[in-house]
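The values are calculated or read from the model by the stated rules, or taken from the named source; none is laboratory data. A quick note: this is a predicted structure, and the numbers were derived from the prediction, not measured. Every residue, glycine among them, receives a Cβ derived from its backbone with ideal geometry; neighbour counts consider all protein chains shown. Note: accessible area is taken over every heavy atom of the protein model, side chains too, but ligands, DNA and RNA are not part of it. Shrake-Rupley method; radii C 1.70, N 1.55, O 1.52, S 1.80 Å.
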Amino acid sequence: MTNRLYVTTPIFYVNDKPHIGHAYCTILADALGRYARLNGGETYFLTGTDEHGQKVQQAADKRGVTPQAHVGELFSAFKDLWPTLECQPDRFIRTTEPAHVHVVQRALWQLYDQGLIVDRTFEGWYCVPDERFWTEKEIVAGNCPDCGRPVTRLQERNWFFLMSQFQARLVDAVQTGEMAIVPANRANEVLGFLREPLQDLCISRPKSRLSWGIELPFDRDFVAYVWFDALLNYITALAPPLPAPTPDDHALTPHLLASPAYQKWWPNVTHCLGKDILTTHAVYWPTMLLALGLPVPRRLVTTGWWLMDDAKMSKSLGNVVDPQELRDKYGADVMRYFFLREMAVGQDANFSEEAIVRRNNADLANDLGNLLQRVIGMCVRSFDGKIPAATRAPSHVLADALAYAEALQQPDATRDFEPVAVSSAHARLNRTLADTMALTQKLNGVLTADAPFKTVLTDREAAATTLFHVLQGIVVAARLLAPVIPAASAEMLRRLQAHDGAVQPGTQLLEGPPLFPKHEWKAPMPGQPETTPPPAKPATETKEQPGAAQATSGRGLQDFRTGEFRAEQEPSDLVDIDTFARSQLRVGRVLTAEAIPKSKKLLRLTIDLGEATPRQILSGIAETMAPADLIGTQVLVIANLPPRQMMGMESHGMLLVAEDAEGKRVALHPARDVPNGALVK
Ligand code: ME8
């Protein structure tokens, strides 16, 4: 794995203010960069604004200002937002910058010289909002297949990029992984698209129709199609500032190849993009590069959509959430954690403030913030606020947590486990976060099992040993979470006075207020019926027994321990072992999980049970478990039930769930990874 990462976001249209879809892309790219640096890499992070084209011109017209004035006022709404969300781009690019305009004009002129841009008269169906032509076959009942709005018949002379010439080469780049597309099912989508003959791409717009764009250097009646212009931003950022092309000097490629920044970063590029702009990035962009004699992008990370009530959040639908408001309410760290934990990269996820509050209260306030607060509190009460020394062998529970912390920090994956360095490098950040938070849960479990607050009265050294290691475990968690919650992580390390990733016995700990205040969920819209707040994960711990909730994971185990479970069994409930053995309970890994349209309860899962093909299993847990919580995890399944029809789909097995204290269903996982298909006995 190379230790360099050039990470980009799409450049955002400045037709309106930023919304959380934009914030998500930028936070994802920023976090990928921070993880790469955590893993010892060097990074370059590019974002910016897409300032030409019809959408922007229309937005300016609507406001009664020139496009120049419009973009000049609006680009800073994006540029200034990112630092407030702890995003640190190395370069913010605007497509109206002269350096970019010159790159685009040079690319156009070079391809024109090479005979790869030619003029043709063309007739087709045009979608005004999307600014693109569609073929007769592509349109759906007179409407744009992309946005669903009506298309108009248009005939005009235009300039075409001979994209079709690069079809075979592009298929090869996708099939061999030369251009990796993440997640892999998106690569299949692109290959499916490429099974049909690739059309040439209209890359000009007559000025009579649209004047707000970059003029074609060889035909002043036209401006460049906004996508041809916008995609080139990714290499403008690596080129030296080039002068406007002239008849004597108008190529692009030689300047790029001579640029040290291009040589350094281009081989390591990762473009983050939404699934709605996959074709432009996976087809137009690599063919443009191939035509220019340049390598295709190394990797495309394709993200899903944030949905509101199962519809895409978008400016045109008017259901957008303002990232600034969220930041003011919850803080950048909580927002970043929510976005990256709740959404499995590539899948859609439902956005709700209720879900933010749930994540904040359960994961950040309880599992992480409370843990820190409690351990420091114990050291203050029993060790003068100093870090105690570990002089004893750790208990089994502690040793298990320490081994887990070690495993998380390894550079390479094993057969059963992906450490943070690997899952984050593959952009599986929801996994990265779930795995890291599992460490905090284990550390909470250690406090419950070792009970240093009790043993300190009878065996001070044992208590000191536990506290030292738990403090050290928190340092590991804080470091591994730093790419996502940078401010809170830095504050944790400050309170623990940790340097170079280690705590030092004898050091004075610093106390402070809770890092993640709990929030109460209130219904958002005035006028809407008040929804009852679901209580946040119950704070079951008491002063005497902190962390009890984690260790006993609900009522079942506690009852079982006390023997009540067995005592309550009626003889008629008993099954003999042979009857039980006829149920095939197996372990499988969830490959995909998604909501089913029109169903509040069901999730559609595909689960690898170690068989030739993964099974489709429908499970009624959509109300209490998010797809991102399940994807990549191992679950328990009854594998020998007859197939069952639900919502017009077949379910080939049943997911085993248990109800929590509030009667909400949660999936069950094996205590550690086992081979897929393993029998539960
Ligand atoms: O497409 N959830 O810009 P854009 C998640 N200028 N992501 C969302 C989203 C949502 N609800 N809504 C939008 C453009 N996005 C071009 C890009 S790049 C050379 C040019 C994402 O401002 C969307 O998927 O319309 C896309 O990736 C990004 O926001 C930019 O959208």
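Here are a few things to note about the model shown:
- These residues, Asp367, Asp309, go from largest to smallest accessible area, 1.4 Å probe, as Asp309, Asp367.
- HN-Hα J in Hz across region 257-269 - Karplus 6.51, -1.76, 1.60, θ = phi - 60°, x for Gly and Pro: 4, 8, 8, x, 5, 5, 4, 6, 9, 4, x, 10, 7
- The angle between the Cα long axis of helix 429-450 and the longest principal axis of the Cα atoms of the chain comes to about 10 degrees, rounded to the nearest 10.
- Over the Cα atoms of the chain, the radius of gyration divided by the Kirkwood radius equals 1.01; this is the Rg/Rh ratio.
- Cα-Cα over 25 Å, subset of Lys275/Lys518; Lys312/Lys522; Lys518/Lys600; Lys312/Lys518; Lys17/Lys329; Lys275/Lys442: Lys275/Lys518; Lys518/Lys600; Lys312/Lys518; Lys275/Lys442
- Scalar couplings 3J(HN,Hα) for region 22-36, obtained by applying the Karplus form with A = 6.51, B = -1.76, C = 1.60 to θ = phi - 60°, are 5, 4, 4, 4, 6, 5, 4, 4, 4, 5, 4, x, 5, 5, 4 Hz; x denotes Gly and Pro.
- Measuring max minus min along each principal axis, the C-alpha atoms of region 1-68 give extents of 50, 19, 14 Å (largest first).
- In region 397-519, taking the dipole from charged Cβ atoms about the Cα centre, the farthest positive-side position among Leu402, Gln508, Thr465 is held by Gln508.
- Accessible carbon and sulfur surface of the chain relative to its total accessible area, %, 1.4 Å: 53
- Loop GluC sites (Glu not before Pro), region 629-681 (other Cβ atoms within 10 Å of the site Cβ: 12 or fewer; DSSP): Glu662
- Note, ³J(HN,Hα) from phi for region 283-300, Karplus 6.51, -1.76, 1.60, rounded to Hz, x at Gly and Pro: 10, 4, 5, x, 5, 4, 5, 4, 4, 7, x, 10, x, 5, x, 5, 8, 10
- Candidate aspartates and glutamates - alpha carbon under 15 Å from Lys454, same-chain residues fewer than 8 apart omitted: Glu541, Glu544
- Between the amide H of Thr43 and those of Leu5, distances stay under 5 Å, these residues lying 5 or more places away or on another chain, with hydrogens modeled in the peptide plane.
- Ligands, DNA and RNA are left out, and with a 1.4 angstrom probe the accessible area of region 577-667 is 52 Å² per residue.
- The packing ranking, built from the mean of other Cβ atoms within 10 Å per residue, places the peptides 665-671, 371-377 in the order 371-377, 665-671, highest first.
- Dipole magnitude of the chain, debye to nearest 20 (Cβ charges: Lys/Arg +1, Asp/Glu -1, about Cα centre): 320
- For region 448-477, the residues whose backbone nitrogen is under 13 Å from a point 7 Å from the Cα of Arg392, taken along Cα to Cβ, are 449-469.
- MRE, 222 nm, helices only [DSSP H, n ≥ 4, -39500 (n - 2.57), over the chain, to nearest 500]: -10500 deg cm²/dmol
- Rg ratio for region 175-269: its Cα radius of gyration over 2.2 N^0.38 Å, N being its residue count, equals 1.37.
- Protection proxy ranking of 252-262, 614-624, 6-16 - average other beta-carbon atoms within 10 Å, highest first: 6-16, 614-624, 252-262
- Taking packing as the residue-averaged number of other Cβ atoms within 10 angstrom, the listed peptides 467-475, 632-640 run from highest to lowest as 467-475, 632-640.
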